[in-house]
Amino acid sequence: MNILWDFDGTLFNTYPAYTAIVREVMGDEKISDEEIFWQLKVSFSDAFDHFGLNDEQIKAIRMMARQLRPKDLMPFPEVEHVLKEADKNVIMTHKERDDVLSILTFHKLDGYFTDMVAGDDGYPRKPHTASYEFLHGKHKVDLAIGDREIDILPAKELGIRTCLFQNNTPGADYYLSHYKDFNKIIK
């Protein structure tokens, strides 16, 4: 099986760190971490709009997110077992390529990936299909896994099976809460 992976929130549990950064920059104690977390899960842009952040705050959040060290960002439990079993793994992420590679290398997961489209490769942002079309054309993707609806919409448009990770939004072919259940759920 050839799998297309989203990075943040799918391969790596990055949202708690991003939530802490937004909390620090906003400094608004009335807004819960849970609300920040779920707004970020929609998208960073939606969260910035929702909380009415100004350009200076957005710039600070993006800079602080890029300064996170690979050791601060952990892969989800059991994800490596799924990576090992796949014939090919590719990534489509809005994150910058150097950041993704340094995190993957630090956690010794870089060898599992055949290809990647990253945020600085010039493709339109999800849910546009261009990056998925490129990866699918080159690697014949069988399944796209993401944690947000925008991660599966391009795959659905291209006829690729989809899996939402830790998200029950309607529309996916499969739903997965823990990677240990991958072989039971994905057929």
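For the charge dipole of the chain, defined by +1 on Lys and Arg C-beta atoms and -1 on Asp and Glu C-beta atoms about the Cα centroid, which residue among Gly122, Phe134, Phe51 has the Cα displaced farthest towards the positive pole?
Phe134
Keeping all protein chains in place, calculate the accessible area per residue for the stretch 96-158 (probe 1.4 angstrom), answer in Å².
48 Å²
Calculate the radius of gyration of the Cα atoms of the stretch 80-187 to one decimal place, then report Dmax, the largest Cα-Cα distance, as a whole number, both in Å.
For the stretch 80-187, the Cα radius of gyration and maximum Cα-Cα distance read 13.4, 37 Å.
Which percent, to the nearest 5, of DSSP beta bridges fully inside the stretch 1-130 are antiparallel?
10 percent
Going toward the positive end of the dipole of the chain, with +1 on Lys and Arg Cβ and -1 on Asp and Glu Cβ, which of His94, Met1, Thr162 do you reach last?
In the chain, that residue is Met1.
Take the eigenvalues of the Cα gyration tensor for the stretch 41-126, scale each by 5, and report the square roots as semi-axes in whole Å, largest first.
Output for the stretch 41-126: semi-axes of 27, 15, 13 Å.
Mean-square fluctuation check for the chain, GNM, Cα pairs under 10 Å: which of Asp115, Asp46, Asp173 is largest?
Top of the fluctuation ranking is Asp46.
Could you size up the charge dipole of the chain around its Cα centre, putting +1 on the beta carbon of Lys and Arg and -1 on that of Asp and Glu, and report it in debye to the nearest 20?
500 debye
Hey, if we sort Asp151, Asp8 by accessible area with the 1.4 Å probe, largest down, what's the order?
Asp8, Asp151
Starting from the stretch 111-140, pick out the trypsin sites (Lys or Arg not before Pro) whose DSSP state is loop and whose Cβ has at most 14 other Cβ atoms within 10 Å.
Counting only loop positions with at most 14 other Cβ atoms within 10 Å, the trypsin sites (Lys or Arg not before Pro) in the stretch 111-140 are Arg125, Lys140.
For the stretch 1-89, what percent of Cα pairs sit more than 16 Å apart?
58 percent
Using the charge dipole of the stretch 131-187 (Lys, Arg: +1 at Cβ; Asp, Glu: -1 at Cβ; taken about the Cα centre), state which of Tyr175, Leu143, Ile185 has its Cα farthest towards the positive end.
Sorting the options by dipole projection puts first Ile185.
Quick one: angle between helix 33-42 and the longest Cα principal axis of the chain, in degrees between 0 and 90, rounded to 10, please.
Here the helix axis deviates by roughly 50 degrees.
If you put +1 on each Lys and Arg Cβ and -1 on each Asp and Glu Cβ, how big is the dipole of the stretch 98-187 around its Cα centre, in Debye rounded to 20?
That gives a dipole near 400 debye.
Test of understanding: what is the full-extension gain from Gln57 to Glu35, defined as 0.36 nm times their sequence separation minus their Cα-Cα distance?
6.1 nm
The values are calculated or read from the model by the stated rules, or taken from the named source; none is laboratory data. Bear in mind the structure is a predicted one, so any value in this text is a computation, not a measurement. Neighbour counts are summed over all protein chains in view; Cβ atoms, including those assigned to glycine, are modelled from backbone coordinates with ideal geometry. SASA here: full protein model, heavy atoms, side chains in, ligands and nucleic acids out. Shrake-Rupley method; radii C 1.70, N 1.55, O 1.52, S 1.80 Å.
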